[in-house]
Amino acid sequence: MAEVREQGEGQPEISRLKLELITFFKDNPGLIDCAEMIAARIGRDPAEVKKALDELAEKDICARMEHGDAPAVYAYAPSARFLQKIGEVAPELGQSSRMELLRLLFSREEQGDGPGG
């Protein structure tokens, strides 16, 4: 596998694409989107992005969420855990409503009106 290489004293070197995705999620903490749209936003090949996202999801760095026949969507792991908590607190909300609430909360936080502002 060319994605992770050993560097120096046994320290794994993460792929450039994975680092780019982690940085992208940290810069866009409320983002929840499919691999194809994330690939378009960072200017990368969708198949490579999907593979890297799936590998990051296996390591709990991001979360992969599936809903019916729609393409899987990915979110930064802290955002995904928050989304799960919303579902526990308000189970009557559908998936799209929970995602919209998460986006609203993060946009308010970025403007200084949210919980961290």
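Measuring nothing but how far apart in sequence close Cα pairs (under 8 Å, 6+ apart) lie, relative to its length, the stretch 13-110 scores a relative contact order of 28 percent. In the stretch 13-110, Rg over Rh equals 0.97, where Rg is the alpha-carbon radius of gyration and Rh the Kirkwood radius from pairwise Cα distances.
Loop-located trypsin sites (Lys or Arg not before Pro) across the stretch 53-99 with a Cβ neighbour count of 12 or fewer within 10 Å are K59, with loop assigned by DSSP.
Multiply the residue gap between V89 and D33 by 0.36 nm, knock off their C-alpha separation, and tell me the result in nm, one decimal place.
On the way: separation 56, 0.36 × 56 = 20.16 nm, distance 2.29 nm.
Taking V89 through D33 to full extension adds about 17.9 nm, to one decimal.
Once both labels are positioned 7 Å from their Cα atoms along Cα-to-Cβ, the gap between R81 and R16 label points is 3.2 nm.
Values in this text are rule-based calculations from the coordinates and carry no lab data. Everything numeric here is computed off the predicted structure, so don't read it as measured data. Positions of Cβ are backbone-derived with ideal geometry, glycine not excepted, and every protein chain shown enters the neighbour counts.
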